[in-house]
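Encoded as structure tokens, the structure appears first; notes follow it.
The values are calculated or read from the model by the stated rules, or taken from the named source; none is laboratory data. On a predicted model such as this, the values are computed, not experimentally measured, just so you know. Please note: Cβ atoms are built from the backbone with ideal geometry, for glycine as well, and neighbour counts cover all protein chains shown. Protein only, heavy atoms only, side chains kept; ligands, DNA and RNA dropped before computing areas. Shrake-Rupley method; radii C 1.70, N 1.55, O 1.52, S 1.80 Å.
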Amino acid sequence: MTTALTTPTTTEDDLATVQREHGKSLFSFLLRLCDGDRQRAEDLVQETYVRAWQHPEALDAKYGSVRPWLFTVGRRLAIDARRARLARPAEIGDAVLENARVCADHADRSTAALDVRDAVATLSPDHRAVLMEVYFRGASVAEAARALGVPPGTVKSRAYYALRALRRVLPDYAPDLR
């Protein structure tokens, strides 16, 4: 005779009870971990509740209070979110966008493209090859080094000097980068 195993499930009442008993303190804890960012803390609280819903065994009364489990899950989610944010490139602010050079129409963009093409043509073949790999093809320094058969440090220095030469040839395009 076989017996069917029943898997515990989390009900809406269970989650409502958890939220009522631990919601304010969990939010305060996560708000401190998020340096006062209320939106991020609210998102982490919601994700913590999703995890509680996915793991009904954590809400089992035989383990005592669910608070340590909730705080541990919330803390780990906050750490993961912070690591993910730090791994992404920094977002730029509105001030940077307001000061960015804007091409008014297609003619301006075409003229700028021709100017850049002419300026790139003045570079040495080695510098031009590095710029083509890194900036136009989007290769990393390591990928460009492999493609060009040179050490990564050489790619970095050639890119630096190539950009410096372009800034001299195209002073109107990047006056603040000289």
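Report, by residue number, each residue of segment 32-44 that is under 15 Å from ILE79 (Cβ atoms) and open to solvent by less than 60 Å² (accessible area, probe 1.4 Å).
Here is the first cut: in segment 32-44, the ones under 15 Å from ILE79 (Cβ atoms) are 32-35, 37, 40-41, 43-44.
Answer for segment 32-44, where residues must be under 15 Å from ILE79 (Cβ atoms) and open to solvent by less than 60 Å² (accessible area, probe 1.4 Å): CYS34, ASP37, ALA41, LEU44.
Can you name the residue in segment 51-60 that is within 14 Å of ASP13 (Cα to Cα) and assigned to a helix (DSSP H, G or I) and is also least open to solvent (accessible area, probe 1.4 Å) among such residues?
In this case the residue turns out to be ALA52.
Within the set of pairs 6 or more residues apart or between chains, which connect a residue that is modelled with pLDDT under 80 inside segment 59-71 to a residue that is part of a helix (DSSP H, G or I) and open to solvent by less than 90 Å² (accessible area, probe 1.4 Å) with Cβ atoms less than 6 Å apart?
LEU59/ASP14
To keep it simple, each residue is scored yes or no on (1) at pLDDT 65 or above; (2) surrounded by 10 or more Cβ atoms within 10 Å (Cβ to Cβ).
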{"position": "LEU97", "(1), (2)": "no, no"}
{"position": "ASP108", "(1), (2)": "yes, yes"}
{"position": "ALA121", "(1), (2)": "yes, no"}
{"position": "ALA129", "(1), (2)": "yes, yes"}
{"position": "MET132", "(1), (2)": "yes, yes"}
{"position": "GLY138", "(1), (2)": "yes, no"}
{"position": "VAL141", "(1), (2)": "yes, yes"}
{"position": "LEU148", "(1), (2)": "yes, yes"}
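Report, ordered by the first and then the second residue, all pairs with beta carbons closer than 8 Å, sequence separation of six or more or different chains, a first member in segment 109-121 that is without any contact (Cβ under 8 Å) to a residue 24 or more places away in the chain and closer than 17 Å to ALA162 by Cα, and a second member that is assigned to a helix (DSSP H, G or I) and open to solvent by 50 Å² or more (accessible area, probe 1.4 Å).
Partner pairs satisfying both residue conditions: ALA121/ARG128.
For segment 110-119, give me each residue that is of a type outside the set (A, V, I, L, M) and either at pLDDT below 75 or in contact with a Phe, Trp or Tyr (Cβ under 9 Å, 6 or more places away or on another chain) (or both).
ASP115
Report whether or not VAL155 is open to solvent by 30 Å² or more (accessible area, probe 1.4 Å) and of a type in the set (A, V, I, L, M).
Taking the combined requirement at face value, the residue does not satisfy it.
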